[in-house]
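Data first, discussion second: the structure below is written as structure tokens.
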Amino acid sequence: MTDAQPRHDPLAIICGGGSFPGAVAEAVTRRGRRPVMFALKGWADPKVVERYAHHWIALGQLGRFFHLARAEHCREALFIGTLLRPPLAQIRLDWRTVLLLPRIVGSFRGGDDRLLTGVARILEGGGVRVIGSREVAPEIMVPEGVLGRCQPTERDRADIARALALIAALGPFDVGQAAVVADNQVLAVEAAEGTDNLLLRIAELRRQRRVVTPDGVGVLVKAPKPGQDRRFDLPSIGPGTIENAARAGLAGIAVTAGSTIVADAAQAIAAADREHLFVVGVREDGAR
């Protein structure tokens, strides 16, 4: 079997929180492949994972994962869903993880991309190939162009280009994947707080009159970091992102087409139309 041919062996989906694991599992199922959910305790939503074959595992149980993956005949795996980096001391280590601890500690010394890439190398060293969501569920990626009824203005387009340039410049530091720019002014850059908290911070700054641009001016832009391993931690948006952007008084949201995941696309577009916000998929180079 070549790489161009569809695979039919079961796919291990290592699940964090949110609805994204379910969206990937649904897409995999439509393609005739059996998803097996490896749900991370304390993060994965039982309502999402229990619709499919599943196993609950704790962070640090690499030995248990390898044992179950072999039993399920999973030769490929992907990571999807919300997960905040835990302190190393809080990870429950099984014996195989203890043996790999020096490599794990090295992966913790850096940003999320370094950590996830390090974990992927460990899985692949155990015989499980790590792939990205785009390979098995391209339909959950944002396409290029405007998604709803509202269109970005020329000022919005200029803010989008500035934010993309900013995210690209920060890429070597392995920080967040989002920025807010309003009328050419950088209002915020995402760090460890995540996009929703970033938008809540903008809303609070407006209440404090620290943001002087009027409501309806400003764009949230999300894009992968340059050099990022595209197999995991891609930017994502959903209905909640739309609602928080509206509370922050922004004009809209721009994300990189083909490399940003959208959860509940129909609901997200309906929310954008209701809040009179634009949502647009753009090229990573900023060109139209």
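Things to note:
- Scanning the stretch 130-151 for residues that are part of a loop (DSSP other than H, G, I, E, B) and of a type in the set (Val, Ile, Thr) yields Ile131, Val142.
- Matching entry among Ala77, Ala120, Ala69 (being within 25 Å of Pro10 (Cα to Cα), modelled with pLDDT under 90 and open to solvent by less than 40 Å² (accessible area, probe 1.4 Å)): Ala120
- Checked against the criteria, Val36 does not count as within 25 Å of Gln267 (Cα to Cα), β-branched (Val, Ile, Thr) and crowded, with 17+ Cβ neighbours inside 10 Å.
- Any hit, the stretch 29-38, residues being within 17 Å of Glu124 (Cβ to Cβ), assigned to a strand (DSSP E or B) and at pLDDT 95 or above: yes
- Of all residue pairs spaced 6 or more apart or on separate chains, those with beta-carbon atoms under 7 Å, a first member in the stretch 125-148 that is within 17 Å of Ala268 (Cβ to Cβ) and of a type in the set (A, V, I, L, M) and a second member that is at pLDDT below 95 and open to solvent by 40 Å² or more (accessible area, probe 1.4 Å) are Met141/Arg134.
The values are calculated or read from the model by the stated rules, or taken from the named source; none is laboratory data. This one's a predicted model, so the numbers in the text were calculated from it and none came from an experiment. Here Cβ is always computed from backbone atoms with ideal geometry, including for glycine, and neighbour counts include all displayed protein chains. When the accessible area is computed, the model is the full protein with side chains, heavy atoms only, and any ligands, DNA or RNA have been set aside. Shrake-Rupley method; radii C 1.70, N 1.55, O 1.52, S 1.80 Å.
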